[in-house]
Amino acid sequence: MLKMHNVRKSYRTDTIETHALRDFSLEVNEGEFVSVTGPSGSGKTTFLNIAGLLETPTGGQYLLDGQDVSDLNDRDRSRLRNEKIGFIFQGFNLIPDLDLFDNIDVPLRYRGFNAKERKKRIEKVLEQVGLSARARHLPAQLSGGQQQRVAIARALAGEPRFLLADEPTGNLDSLMARQVMELLEFINEWGTTIVMVTHDPDLARRAHRNIQIVDGQVADLRLQSALGEAVTA
Amino acid sequence: MLELRPILSALWRNKIAALLIAVQLALTLAIVGNSSIIVGDRLDKIARPTGIAVEDIIAVTYYPAEAGTDIVSMARADLDMLRAMPGVIDAVHSNHIPLSGSGSASDFYREPNQQIDDEVANVYHTGPEFLQTLGLKLVEGRNFTPADMETWNPNDRYHPKVTIVTKQFADIMFPEGNALGKFIYGGGDNPIEIIGIVERHLGAWTSWAKAGSVAFYPSFPKFTFGRYLIRTEPGKRDQVFKAIEERLAQLEPNRVIDMQTLSERLNKSYARENLMVKVLSAVIGMLTFIIALGIVGLTFFWINQRRKQIGVRRALGATRTNISRYFLVENCLIAGSGIAIGMAAAQIGNHFMVANYSQPALPLSVMLVCALMLLCVSLVAALVPALRAANISPATATRSV
Ligand SMILES: Nc1ncnc2c1ncn2[C@@H]1O[C@H](COP(=O)(O)OP(=O)(O)O)[C@@H](O)[C@H]1O
Ligand SMILES: [Mg+2]
């Protein structure tokens, strides 16, 4: 599903060059639920951004679904993001001016679905996350946990094969965090591959496999399930 | 895929700023619409055909050194000399300079001793050479002949026998178009025969409501000053101007001479119109510039405010084009509503201008052109920020707080 080989990412500012990822190699299989942990600043978000085509690596090779995505133009990268990848952010990132329905509608419009198809999908995912009654509420009218469920619904509406979550429970209390985690596990059971960055060791342990990133590299590989398959360069 | 509904609902939640720009656009359109119609009106006025070869004419006015000088014979000598000069096509005496803002007018009637229903015309005393000198086009009848010429003393009453009039005045006096050969009266019982009709002569006062109603008499009043109009070959006016200055000084060193070109005089006559055009054009330009700045500023502000959201949209699959288009469409919606209000405001403003300041009416076509222009300005103004917005990295979704 995802295969990175010797991926490098460095950020250059006026004075210093930060190597956020160095010779980063990792493989994630179809249907896996991988948790990513590591100290702050170790490169977890950078890894997710590259995996989700939000950023381009400085070097190395990245195959998404067998396709080398290094040389794609903005249009194709946008399309791939839209069709194959769902994003869940720590800060929910719902659009504050749009109600829940319209928020979930955003990626579907970029997909080019017709109004009927979009409505069907939006209603379905709202139901899945248990917020059908709130379709016309604004994000600000919801609790953090509810907002994150809407964000998950938005990520799911396009039926992506690959879900990337950057500390999705970071802003939630433990009860809400557990609900969100259960939702993600449920989604994973239905076949969606999930990579989740988290600080919560309990949640990390619930994934099939946990990866630790230290200093821009995969540090420790612990097989947590039979599905996990360690790969090193 | 224009995302109209979500853009509208997002706009609705930020309506104050949108409304401010829309109202500013509306006001701009109302002012620009009404100003441009006035500018257009003045430009039309300036561009009106005068019927006269303005570019090639020099006017000479002089005051003899000694009182009692025989102006008529002095003029005959001067004019003979002037006509013989190289570069001069013709020359004629005239009591006033056309298009100069100074002249005289008389009342005319269709019947002898009529008291009411007079028609006014601008009047010139001149000679047969006036057609060629002014470049007028005789469309009916005949020119004056030397035999028509009369000299008269300003203390006596002059009773013209014949006149040449402009077509405009001929049609006012005789709307059936059969003025030639008809008689008109100056209030008494002296009949004046219309012997010729010239196509056009704008007369003395460019802003006069009756400008273009002119009558010419074949006469030479013995005023205390003399005045000549001289037509030069095209392009030789300034050269001939200097030569005339020298020759007249040579001929009679003691008289006071004032020389002007007709173009100078006409420019002075249109000074108000020219000023109006300049001021209003500046106003139009300034307002358009200000609204453009406002739109650039507001769009930048909004884009900055929504950096995170733009990043999220990009992360969710928006292309750069999607992002730019979002802001352009949003701008179009604001501009469109502002312009709609502005069209209504312009019409109301125009009714007021028409009613109180006798300004021209604002036709829909001009309104639409102004609206379209403003829409283009607002789109161009929004384009730079909108293109910049497309450069906001999708990583903004995960990076910034
Ligand atoms: N846009 C950027 N410019 C410069 N340095 C950056 C940028 N993004 C991330 N970094 C640096 O890259 C390193 C890895 O960051 P990140 O992937 O966000 O870490 P994590 O998510 O594990 O906390 C950090 O040192 C961070 O300061
Ligand atoms: Mg991070």
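The values are calculated or read from the model by the stated rules, or taken from the named source; none is laboratory data. Bear in mind that the values here come from a model prediction, so they are computed numbers and not experimental data. Virtual Cβ from ideal backbone geometry, glycine too; neighbours counted across all protein chains shown.
Can you find even one residue in segment A:1-10 that is touching a Lys or Arg at 6+ places or on another chain (Cβ under 8 Å), away from ligand 1 (no atom under 13 Å from the Cβ) and more than 12 Å from chain B (Cβ to nearest Cβ)? Checked segment A:1-10: at least one residue is touching a Lys or Arg at 6+ places or on another chain (Cβ under 8 Å), away from ligand 1 (no atom under 13 Å from the Cβ) and more than 12 Å from chain B (Cβ to nearest Cβ). Counting residues in segment B:200-207 that are closer than 29 Å to B:Met74 by Cβ and assigned to a strand (DSSP E or B) gives zero. For segment A:26-57, the tally of residues that are free of Cβ contacts under 8 Å to residues at least 12 places away in the same chain and crowded, with 24+ Cβ neighbours inside 10 Å stands at 1. Screening the candidates A:Leu54, A:Leu94 for the property of being within 30 Å of B:Glu330 (Cβ to Cβ), aliphatic (A, V, I, L, M) and within 16 Å of ligand 2 (Cβ to nearest atom) yields one hit, A:Leu54.
Is it true that some residue in segment B:91-105 is over 36 Å from the mean Cα position of the chain (by Cα) and farther than 22 Å from B:Arg255 by Cα? Taking every residue of segment B:91-105 in turn, none turns out to be over 36 Å from the mean Cα position of the chain (by Cα) and farther than 22 Å from B:Arg255 by Cα.
For B:Ala361, the stated conditions do not hold, so it cannot be described as within 14 Å of chain A (Cβ to nearest Cβ) and not in a helix (DSSP H, G or I).
Looking across segment A:66-105, just one residue is touching a residue at least 60 places away in the same chain (Cβ under 8 Å) and basic (Lys, Arg), and that is A:Lys84. Checked against the criterion of being buried (at least 19 other Cβ atoms within 10 Å of the Cβ) and acidic (Asp, Glu), the candidates B:Asp107, B:Asp78, B:Asp70 yield just one match: B:Asp78. Being more than 8 Å from chain B (Cβ to nearest Cβ) and either surrounded by 23 or more Cβ atoms within 10 Å (Cβ to Cβ) or in contact with a Leu (Cβ under 9 Å, 6 or more places away or on another chain) (or both) is true of A:Val69.
Of the residues making up segment B:246-275, those that are within 17 Å of B:Ile89 (Cα to Cα) and assigned to a helix (DSSP H, G or I) number 2. One residue stands out among those in segment A:23-38 that are of a type in the set (Gly, Ala, Ser) and over 15 Å from the mean Cα position of the chain (by Cα): the one that is farthest from ligand 1 (Cβ to nearest atom), which is A:Ser25.
Consider B:Ile172 carefully, then state whether it is free of Cβ contacts under 8 Å to residues at least 12 places away in the same chain and either assigned by TED's automatic domain parsing to the domain that holds B:Val72 or under 34 Å from the mean Cα position of the chain (by Cα) (or both). Considered against the rule, which asks whether it is free of Cβ contacts under 8 Å to residues at least 12 places away in the same chain and either assigned by TED's automatic domain parsing to the domain that holds B:Val72 or under 34 Å from the mean Cα position of the chain (by Cα) (or both), B:Ile172 comes out as no. Residues in segment A:152-169 that are within 16 Å of ligand 2 (Cβ to nearest atom) and in contact with an Asp or Glu (Cβ under 7 Å, 6 or more places away or on another chain): 1 in all.
When B:Arg231, B:Arg200 are screened for being surrounded by fewer than 22 Cβ atoms within 10 Å (Cβ to Cβ), modelled with pLDDT of 95 or more, over 19 Å from B:Pro146 (Cα atoms) and in the same structural domain as B:Pro128 (by TED's automatic domain parsing), only B:Arg200 passes. One residue stands out in segment A:67-86 among those that are of a type in the set (Gly, Ala, Ser) and within 24 Å of A:Gly112 (Cβ to Cβ): the one that is farthest from ligand 2 (Cβ to nearest atom), namely A:Ser78. Checking each residue in segment A:11-51 for being away from chain B (no Cβ under 14 Å) and within 13 Å of ligand 2 (Cβ to nearest atom) picks out A:Thr37, A:Gly38, A:Pro39, A:Ser42. Only residues that are aliphatic (A, V, I, L, M), near ligand 1 (Cβ under 10 Å from one of its atoms) and on the phi > 0 side of the Ramachandran plot were counted in segment A:39-61, giving 0.
Scanning segment A:72-120 for residues that are among the small types (Gly, Ala, Ser) and out of contact with any Leu (no Cβ under 9 Å at 6 or more places or on another chain) yields A:Gly91, A:Gly112, A:Ala115. Restricting the search to strands (runs of 3 or more DSSP E) fully inside segment B:29-143 and requiring at least 2 residues that are β-branched (Val, Ile, Thr), touching a residue at least 24 places away in the same chain (Cβ under 8 Å) and in contact with a strand residue (DSSP E or B) (Cβ under 8 Å, 6 or more places away or on another chain) gives B:57-63, B:88-93, B:119-126. Within the option set B:Pro175, B:Pro253, B:Pro221, being touching a Pro at 6+ places or on another chain (Cβ under 8 Å) and at negative phi holds for one residue only, B:Pro221. Looking at segment B:28-42, can you tell me whether even one residue there is surrounded by fewer than 18 Cβ atoms within 10 Å (Cβ to Cβ), more than 30 Å from B:Thr151 (Cα to Cα) and either at pLDDT 90 or above or not aliphatic (A, V, I, L, M) (or both)? Taking every residue of segment B:28-42 in turn, at least one turns out to be surrounded by fewer than 18 Cβ atoms within 10 Å (Cβ to Cβ), more than 30 Å from B:Thr151 (Cα to Cα) and either at pLDDT 90 or above or not aliphatic (A, V, I, L, M) (or both). Residues satisfying the criterion are absent from segment B:304-318 (criterion: farther than 30 Å from A:Phe87 by Cβ and away from every other protein chain (no Cβ under 14 Å)). Listed conditions (1) β-branched (Val, Ile, Thr); (2) more than 12 Å from chain A (Cβ to nearest Cβ); (3) touching a residue at least 60 places away in the same chain (Cβ under 8 Å) are all met by B:Val354, apart from (3).
Of A:Ile95, A:Ile104, all but one fail to be more than 7 Å from every other protein chain (Cβ to nearest Cβ), out of contact with any Ser or Thr (no Cβ under 8 Å at 6 or more places or on another chain) and of a type in the set (Val, Ile, Thr); the exception is A:Ile104.
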